[in-house]
Amino acid sequence: MFGIILLTVGVVLYFVKRRQQNRAMSLKSARKVSAAELQSTARAVADEIGGGDWRDYVKLWGEISVEKPLLSDLKQQPCVYYEFTVQREYEETVRQKNADGEMETRTQRGTEVLSSHSQSIPFYLHDGSGKVWVEPEEADIETVEVVNEFQPGEPGGGLLSYGRFKRTLSVGFGTSDRRTLGYRYRESVLPVGRSVLVVGSAGDQRNEIAIAKPLTATQHFIISLKPDEALTQAAERNSKWASWSMIGCLSSGLLLTLIGLLV
């Protein structure tokens with residue numbers, strides 16, 4: 001049984017390794033540019049073949065700016081992207097057979113998501129030479145955690161409330177075999193004014209240069225708080241870790257599975 005588990009983990013690690021390899025390759029293949037350089041390239045292409053058809057896979061570092069930012073639901077912090085979850089943490093008594101086939105009773109903890117939400121808006125990226133419009137929908141966005149708070153017990157009046165988030169619990173909620181320990185609130189944001197690396201497809205399909213999700217599946221769309229070199233090194237390091245772990249799990253899993261079949 002344990003051999004099968006290791007083989008399954010090995011297969012999962014294979015896909016993790018491939019994703020990290022593709023991420024590193026995408027970061028290396030993206031052309032490092034400035035906003036001014038993108039504007040110049042777009043004008044040259046438009047003069048040569050007309051506007052609307054030019055695309056380039058690029059990466060640039062700059063500061064987030066937006067006229068009317070979002071306000072996150074929990075912390076109510078100005079941002080261009082946020083995500084939050086509200087989880088119920090509980091404990092319950094379960095009865096199950098142990099390794100000897102005997103029934104035993106134990107208490108275990110668990111969580112369930114009661115609410116989750118994410119939202120993003122387009123923004124400008126300023127890099128000192130100019131600005132570029134960024135449409136972050138479907139990007140892999142690195143965020144800053146601004147809320148991670150546990151509130152024990154049941155809420156007064158059956159109303160969960162944190163910032164702009166409110167939810168009335170139904171009558172009898174939490175009175176089952178699962179005993180509520182409390183509620184955890186988590187929220188992460190991409191704040192206004194932060195410097196970020198944007199890796200994506202630049203194009204002139206609108207009235208100004210915009211960076212959005214690439215049309216090619218092998219090209220990643222990334223918005224990161226880390227600079228280019230650090231992000232590439234992290235992807236390569238994660239790929240190597242996943243590769244060695246995959247080899248270990250697959251070889252150990254295969255050996256244990258064969259032993260189990262022979263015994």
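The values are calculated or read from the model by the stated rules, or taken from the named source; none is laboratory data. In this text, all values refer to a predicted model and were calculated from it rather than measured experimentally. Every residue, glycine among them, receives a Cβ derived from its backbone with ideal geometry; neighbour counts consider all protein chains shown.
For Y183, the conditions (1) touching a residue at least 40 places away in the same chain (Cβ under 8 Å); (2) more than 18 Å from A35 (Cβ to Cβ); (3) in a loop (DSSP other than H, G, I, E, B) are fulfilled apart from (3).
From the list G163, G157, the one residue that fits, being on the phi > 0 side of the Ramachandran plot and either at pLDDT below 90 or of a type in the set (S, T, N, Q) (or both), is G157.
For segment 208-228: of the residues being small (G, A, S) and more than 22 Å from R18 (Cβ to Cβ), which is surrounded by the fewest Cβ atoms within 10 Å (Cβ to Cβ)? Of everything passing the filter in segment 208-228, A210 is surrounded by the fewest Cβ atoms within 10 Å (Cβ to Cβ).
Please determine whether any residue of segment 69-84 is touching a Lys or Arg at 6+ places or on another chain (Cβ under 8 Å), closer than 29 Å to F221 by Cα, not aliphatic (A, V, I, L, M) and not in a strand (DSSP E or B). Write out each step before concluding.
Of all residues in segment 69-84, those touching a Lys or Arg at 6+ places or on another chain (Cβ under 8 Å) come to 71, 73-74, 76, 84.
Going one step further and asking which of them are closer than 29 Å to F221 by Cα, we end up with 71, 73-74, 76, 84.
Then drop every residue that is not not aliphatic (A, V, I, L, M), which leaves 73, 76, 84.
The next check asks that each one be not in a strand (DSSP E or B); those that pass are 73, 76.
Yes, there is a match, as at least one residue in segment 69-84 is touching a Lys or Arg at 6+ places or on another chain (Cβ under 8 Å), closer than 29 Å to F221 by Cα, not aliphatic (A, V, I, L, M) and not in a strand (DSSP E or B).
For first residues located in segment 76-92 and of a type in the set (S, T, N, Q), partners that are assigned to a strand (DSSP E or B) and lie 6+ apart or on another chain with Cβ distances below 6 Å form the pairs Q77/V146; Q77/V189; T85/V113; T85/S116; T85/R186; Q87/T111; Q87/V113; Q87/R184. Within segment 117-137, the residues that satisfy the criterion of being surrounded by fewer than 19 Cβ atoms within 10 Å (Cβ to Cβ), under 16 Å from the mean Cα position of the chain (by Cα) and of a type in the set (S, T, N, Q) are S118, Q119.
Would you be able to tell me the number of residues in segment 98-107 that are touching an Asp or Glu at 6+ places or on another chain (Cβ under 8 Å) and at pLDDT 70 or above?
Taking segment 98-107 and keeping what is touching an Asp or Glu at 6+ places or on another chain (Cβ under 8 Å), we get 98, 107.
Now restrict to residues that are at pLDDT 70 or above: 107.
Selection size over segment 98-107: 1.
Is it the case, given these coordinates, that V113 is touching a strand residue (DSSP E or B) at 6+ places or on another chain (Cβ under 6 Å) and modelled with pLDDT of 95 or more? No.
Screening A234 with (1) assigned to a loop (DSSP other than H, G, I, E, B); (2) under 19 Å from the mean Cα position of the chain (by Cα); (3) not basic (K, R) gives one miss only, at (1).
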